[in-house]
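Engineer: If you scroll down you'll find the structure; I have some questions about it.
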Amino acid sequence: MLANTLRLARLSTTTSFAAVQQRTFVFSALNQKSFPALVQEIKATNKDIHYLSPKDLHSLQTTQPPHVIDVRERHEVQATGTIPGAIVLPRGILERDVSKFIKQSDPRDVVVYCAGGFRSVLAAESLVRLGYGVAEGEGSSKKESTKVWSLDEGMDGWIKSGFQVEKDGKVSK
């Protein structure tokens, strides 16, 4: 700790505060990404996240119903409704509350969606980091686990596809 204090003292006597701020700003600016670029990077690198279209989700619901999580904000849900049966867990509380609704040992797949398919990629990444959809074991002994899916085009794509929507407890097209 004393060594850190001495380094800090040396830094403050030899480097002006403005110079430190300028270096920090330049470093931060070089590492910044746009939101779409971040989403594309996650899609390209995280192989534990799967993607499906609204049509694929509709088919999956009739054969092997997954858990469906709506990560939009409450005002968005109130405006357009949800995919029937969806759990509403806004992006800001997903990590904190998901285990109240879905246990990691649950064998059903998990599908997350937002309005357009971007926030759901971040939500899916968080679920994978929490241990959902990650296969156990290695090589051929790898145990197949549930999958975490992000809905391409989100609720906008679901509505454009003409599928049912649940709003105020009522299901309609």
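Read-outs throughout are calculated quantities, based only on the coordinates presented, and are distinct from any laboratory measurement. This one's a predicted model, so the numbers in the text were calculated from it and none came from an experiment. With ideal geometry, Cβ positions are generated from the backbone for all residues, glycine too; neighbour counts draw on all protein chains shown.
Engineer: Quick one: if you stick a label point 7 Å off each Cα along the C-beta vector at residue 56 and residue 161, how many nm between them?
Structural biologist: 1.0 nm
Engineer: What would the Debye formula give as log10 I(q)/I(0) at q = 0.22, 0.27 Å⁻¹ for the alpha-carbon point model of segment 64-107, no solvent?
Structural biologist: -0.77, -1.02
Engineer: Would you please give the residues with an amide H less than 5 Å from that of residue 88, counting only those at least 5 places away or on a separate chain, with H modeled from the backbone geometry?
Structural biologist: 70
Engineer: Another question, then. Kindly flag which residue pairs out of 55/160; 100/167; 55/147; 47/147 have an alpha-carbon separation exceeding 20 Å in this structure.
Structural biologist: 100/167
Engineer: Another question, then. Using amide H atoms built in the peptide plane, which far-off residues or other-chain residues are under 5 Å from residue 165 H to H?
Structural biologist: Here the answer is 172, 173, since their amide H atoms fall under 5 Å of that of residue 165.
Engineer: Taking the radius of gyration and the Kirkwood hydrodynamic radius from Cα positions alone, what is the Rg/Rh ratio for segment 29-173, to two decimal places?
Structural biologist: Here the Rg-to-Rh quotient is 0.98.
Engineer: On to the next question. Tell me, what HN-Hα J-couplings in whole Hz come from the Karplus equation 6.51 cos²θ - 1.76 cosθ + 1.60 at θ = phi - 60° for each residue of segment 53-59, using x for Gly and Pro?
Structural biologist: 7, x, 4, 5, 5, 4, 5
Engineer: Taking 0.36 nm per intervening residue step and subtracting the Cα-Cα distance, what contour gain separates residue 170 from residue 105 on full extension?
Structural biologist: Here the segment from residue 170 to residue 105 would lengthen by 20.3 nm.
Engineer: Then there's this: Across segment 150-155, in residue order, what do the Karplus-derived ³J(HN,Hα) couplings come to in whole Hz, using 6.51 cos²θ - 1.76 cosθ + 1.60 with θ = phi - 60° and x for Gly and Pro?
Structural biologist: Here the 3J(HN,Hα) series is 10, 7, 4, 6, x, 5 Hz.
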